[in-house]
């Protein structure tokens, strides 16, 4: 595939990726992918992986599910042994190829998506609950509290 500079594109359901499904709040949606094999100017075999997929995650702020549109665009250097990794350019991630030279492309796409998942997913549209946030500083000062925390001490000193 590298020598022929083969390209593939297509789509598959998110539910087809079992390991990714375990990290998600739901497995709805479809992943759209493009894969390009080739060699760079240094002769290094590579696989370009581009994937767009909406994933359902649990917001760690509100604990509600939300859909995060994810895009992965990475270049993987195809290597046969771990010592070949040192020869890869700095912007290329290594992908160790088995002795039989076969790749499971669904697993490669799933690995890239797992690596791209946010460590702590937070819905950008969510807000903290009122009981967590507490009153704003404006609300506190409007309740008649003094802005100076030492005002009570000043009153005690006068006595």
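The values are calculated or read from the model by the stated rules, or taken from the named source; none is laboratory data. Values in this document were obtained by computation on a predicted structure and should not be read as measured data. With ideal geometry, Cβ positions are generated from the backbone for all residues, glycine too; neighbour counts draw on all protein chains shown.
Before moving on, here are some points about what is shown:
- Subset of region 117-128 [modelled with pLDDT under 90 and either surrounded by 10 or more Cβ atoms within 10 Å (Cβ to Cβ) or touching a strand residue (DSSP E or B) at 6+ places or on another chain (Cβ under 7 Å) (or both)]: 126, 127, 128
- Residue tally, condition surrounded by 13 or more Cβ atoms within 10 Å (Cβ to Cβ) and touching a residue at least 60 places away in the same chain (Cβ under 8 Å), over region 19-38: 5
- When 40, 36 are checked against the criterion of being within 23 Å of residue 77 (Cβ to Cβ) and at pLDDT 95 or above, 36 stands alone in meeting it.
- Selection of region 107-128 for residues being out of contact with any helix residue (DSSP H, G or I) (no Cβ under 7 Å at 6 or more places or on another chain) and under 30 Å from residue 84 (Cβ atoms) yields 107, 108, 109, 111, 112, 115, 116, 119.
- Evaluating residue 114 against the criteria (1) loosely packed, with under 11 Cβ neighbours inside 10 Å; (2) in a helix (DSSP H, G or I); (3) out of contact with any strand residue (DSSP E or B) (no Cβ under 9 Å at 6 or more places or on another chain) leaves one unmet condition, (1).
- Across region 51-90, the number of residues qualifying as free of Cβ contacts under 8 Å to residues at least 24 places away in the same chain and under 18 Å from residue 10 (Cα atoms) comes to 3.
- Number of positions in region 88-104 that are touching a strand residue (DSSP E or B) at 6+ places or on another chain (Cβ under 8 Å) and exposed (fewer than 14 other Cβ atoms within 10 Å of the Cβ): 3
- Among residues of region 44-58, those that are farther than 17 Å from residue 111 by Cβ and surrounded by fewer than 18 Cβ atoms within 10 Å (Cβ to Cβ), counted: 3
- Screening the candidates 100, 147 for the property of being modelled with pLDDT under 90 and in contact with a helix residue (DSSP H, G or I) (Cβ under 8 Å, 6 or more places away or on another chain) yields one hit, 147.
- Checking residue 41 against (1) over 18 Å from residue 115 (Cβ atoms); (2) out of contact with any strand residue (DSSP E or B) (no Cβ under 8 Å at 6 or more places or on another chain); (3) surrounded by 14 or more Cβ atoms within 10 Å (Cβ to Cβ), the condition it does not meet: (3)
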